[in-house]
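Single-structure report; data block below.
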Amino acid sequence: MLRFLALGVMVLCCMTLGQLWAMRLESRYRELEGIRAGLRALVTEIEYARKPLPRAWRDLAEAYGGPCASLFSSAADAFGGEEAETAGAAWMAALHRSDLHLTRQDWRILASLGGVLGVSGGADQVDHLRAVDERLGEQMKEARRHSRRRGKLSRSLGLLGGVLLAVILA
């Protein structure tokens, strides 16, 4: 009886591992979605409110929760300090410190903002932010397809791996 209980717990553990991996895949989509929302709000802050970038970043960090808020907060904290003298350098420092689940392509797209933020005029920054938003939208579609396909696979492999292990050990 105890043996079957242990095998059942083992199957549940394998299922949980598969579920955790699927959740990690889905987190990239959610993070990209949050970053896009924040960048759209940053466009509004630059275009209409004409706030300085550090203040806009801080306001965005307060308005949006989760890991994306830490990206904006980190950029605001880095700006003007020893770490970064320019807005672009602060953005890059924030990206380097972030613990987001981004691919290299996502990271490159976001890093492209480093050369524009705080350097060019507001209209140019807004145009570049909109272009980045568009590219992130494409990345989101890819992330959604990837998480659906690989998420199902990881959940199934977790369950089947646990059952297979239980059969072998039984």
Worksheet item: Tell me, which residue of the range 23-58 that is without any contact (Cβ under 8 Å) to a residue 40 or more places away in the chain and of a type in the set (Gly, Ala, Ser) is nearest to Leu113 (Cα to Cα)?
Response: Gly38
Discussion item. Take the conditions out of contact with any Ser or Thr (no Cβ under 9 Å at 6 or more places or on another chain), closer than 15 Å to Trp91 by Cα, of a type in the set (A, V, I, L, M, F, W, C) and crowded, with 19+ Cβ neighbours inside 10 Å and apply them to Ile35. Does it pass?
Written reply: yes
Discussion item. Considering only the range 12-22, I want to know if a residue exists there that is free of Cβ contacts under 8 Å to residues at least 12 places away in the same chain, over 25 Å from Arg130 (Cβ atoms) and not aromatic (Phe, Trp, Tyr).
Written reply: yes
Worksheet item: Of the residues in the range 9-24, how many are of a type in the set (Val, Ile, Thr) and out of contact with any helix residue (DSSP H, G or I) (no Cβ under 8 Å at 6 or more places or on another chain)?
Response: 1
Worksheet item: Do the conditions hold for Gly118, that is, is it more than 29 Å from Cys14 (Cα to Cα) and either modelled with pLDDT under 90 or within 21 Å of the chain's Cα centre (by Cα) (or both)?
Response: yes
Worksheet item: Which residues, taken from the range 128-170, are β-branched (Val, Ile, Thr) and over 30 Å from Gly8 (Cβ atoms)?
Response: Val132
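A quick yes/no check of all residues on (1) of a type in the set (Gly, Ala, Ser); (2) in contact with a Leu (Cβ under 7 Å, 6 or more places away or on another chain):
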position: Asp106; (1), (2): no, yes
position: Gly114; (1), (2): yes, no
position: Leu117; (1), (2): no, yes
position: Gly121; (1), (2): yes, no
position: Gln125; (1), (2): no, yes
position: Glu138; (1), (2): no, no
position: Ala143; (1), (2): yes, yes
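The values are calculated or read from the model by the stated rules, or taken from the named source; none is laboratory data. Small disclaimer: the values here were computed from a predicted structure and weren't measured. FYI the Cβ positions are ideal-geometry reconstructions off the backbone, even for glycines, and counts take in every protein chain you see.
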